[in-house]
Amino acid sequence: MLNGRLVSIRPTRSEDLDFLADLANHDQVRHNVGGWGWPVARDSQAEWLRRSQANPGVQRMTVVDPVSGQPWGATGLWEIDWHNQGALTGIKLMPGLTPKGAGTDSIMLTMAWGFYEVGLRRLHSTILPFNGASLGAYVRHCGWRIEGREREAAFRRGTWHDLLRVAALRSDFDALPAAEEYIERVCGPRPSVPSQPEPGYGHDRLASTAGHVSG
């Protein structure tokens with residue numbers, strides 16, 4: 001369980017599947033995500049989760065209410081490239097369920113987990129230009145950068161739209177004021193470093209002790 005300021009994130013479970021089907025089929029969510037897929041049937045979700053759990057390049061996570069455990073959304077890592085230490089990520093939150101700031105909190109938790117627990121150095125995703133909420137969360141609040149634009153790559157409601165390619169390096173995350181807080185939330189506090197003796201202290205003590213024994 002990863003615990004943020006407003007949300008918790010845990011591995012996806014079978015009891016989440018009805019909620020995740022509703023999330024995937026929600027009109028507003030489908031309109032705003034960068035990818036596209038056929039409407040999801042609830043009775044196909046168990047097989048979908050089984051395939052995901054068997055794939056070492058995928059880790060699906062559920063965003064939940066930290067108090068009640070109610071599912072709020074989905075995130076995770078996909079297309080994990082262990083050699084190049086990168087992965088695709090994204091977030092979907094059910095409209096009307098989460099408090100303000102839950103998206104940013106979820107992204108920061110996923111970044112800290114991906115960079116400091118999984119061991120990745122680059123995360124990437126896609127955002128539609130009209131999705132101001134995602135642009136604000138990723139680019140303005142979480143240090144992501146727009147790396148490119150795919151012209152007329154997404155078809156929504158009868159109109160073609162560009163698709164923005166966005167990414168963040170671990171160094172981008174490290175530069176954020178809240179980075180250390182989220183690293184501790186995921187990995188625990190940094191180990192304390194033992195204090196070092198003053199220069200010469202150990203040598204002088206040893207010499208003094210040796211002189212005493214020899215005398």
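The values are calculated or read from the model by the stated rules, or taken from the named source; none is laboratory data. Small disclaimer: the values here were computed from a predicted structure and weren't measured. Neighbour counts are summed over all protein chains in view; Cβ atoms, including those assigned to glycine, are modelled from backbone coordinates with ideal geometry. These accessible areas exclude ligands, DNA and RNA; they are computed on the full protein's heavy atoms, side chains included. Shrake-Rupley method; radii C 1.70, N 1.55, O 1.52, S 1.80 Å.
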Completion exercise
Net charge (Lys, Arg +1; Asp, Glu -1) of residues whose beta-carbon lies under 13 Å from that of R156, R156 excluded, is -1
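Lys and Arg at +1, Asp and Glu at -1: add these up for the other residues within a Cβ distance under 11 Å of D18 and post the number.
Working: positive: R42; negative: E15, D16, D22, D43.
Net charge around D18: -3.
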Completion exercise
Note, segment 64-70: 3J(HN,Hα) by Karplus (6.51, -1.76, 1.60, θ = phi - 60°), whole Hz, Gly/Pro = x, goes 10, 5, x, 8, 8, x, 4
Problem - Percent of Cα pairs exceeding the 31 Å cut-off, where the set is the chain - result: 29 percent
Exercise for the section: Kindly sort T110, T104 by accessible area of their heavy atoms, largest first, with the probe set to 1.4 Å. Expected result: T104, T110
Fill in the blank from the handout: For segment 101-113, Karplus-derived ³J(HN,Hα) couplings (6.51, -1.76, 1.60; θ = phi - 60°; whole Hz; x for glycine and proline) come out as x, 5, x, 4, 4, 5, 5, 4, 4, 5, 5, 4, 5
Practice task
Over the chain, calculate the relative contact order: mean separation of alpha carbon pairs under 8 Å at least 6 apart, over the residue count, as a percent.
Solution key: 18 percent
Handout entry: Size of charge dipole - segment 81-182 - debye, nearest 20, with Cβ of Lys, Arg +1 and Asp, Glu -1, no other charges
Key = 400 debye
Exercise for the section: Using the Cα centre as the reference, give the magnitude of the dipole from point charges on the C-beta atoms of the chain (Lys, Arg: +1; Asp, Glu: -1; all else neutral), rounded to the nearest 20 debye. Expected result: 360 debye
Exercise for the section: Putting +1 on Lys and Arg Cβ atoms and -1 on Asp and Glu Cβ atoms, find which of H161, T110, S8 reaches farthest to the positive end of the dipole of the chain. Expected result: H161
Fill in the blank from the handout: For T12, other-chain or 5+-apart residues with amide H closer than 5 Å (H placed, Pro excluded) are R60, M61, T62
Completion exercise
Sequence order, segment 39-49: Karplus ³J(HN,Hα) from phi using 6.51 cos²θ - 1.76 cosθ + 1.60, θ = phi - 60°, Hz rounded, Gly and Pro as x, gives x, 9, 8, 4, 6, 9, 5, 4, 5, 4, 5
Fill in the blank from the handout: Taking every other residue with Cβ under 10 Å from the Cβ of W72 and scoring Lys and Arg +1, Asp and Glu -1, one gets 0
Fill in the blank from the handout: Quick calc of log₁₀ I(q)/I(0), segment 77-202, Debye, one scatterer on every Cα, no solvent, q values 0.10, 0.13, 0.18 1/Å, result -0.40, -0.60, -1.01
Practice task
Would you pull out the residues with amide H under 5 Å of I91's amide H, same chain only if 5 or more places away, H placed 1.01 Å from N?
Solution key: none
Completion exercise
Farthest towards the positive end of the dipole of the chain, among G136, T89, W38 and with Cβ unit charges of +1 on Lys and Arg and -1 on Asp and Glu, lies the Cα of W38
Exercise for the section: Compute the relative contact order of segment 1-55 as a whole-number percentage, counting only Cα pairs closer than 8 Å that sit 6 or more residues apart in sequence. Expected result: 30 percent
Exercise for the section: Would you calculate a helix-derived [θ] at 222 nm for the chain, using -39,500 (n - 2.57) for each DSSP H run of n ≥ 4 and dividing by the full residue count, to the nearest 500? Expected result: -9000 deg cm²/dmol
Handout entry: Hull volume in cubic angstrom per residue (convex hull over the Cα atoms of segment 11-99)
Key = 109 Å³
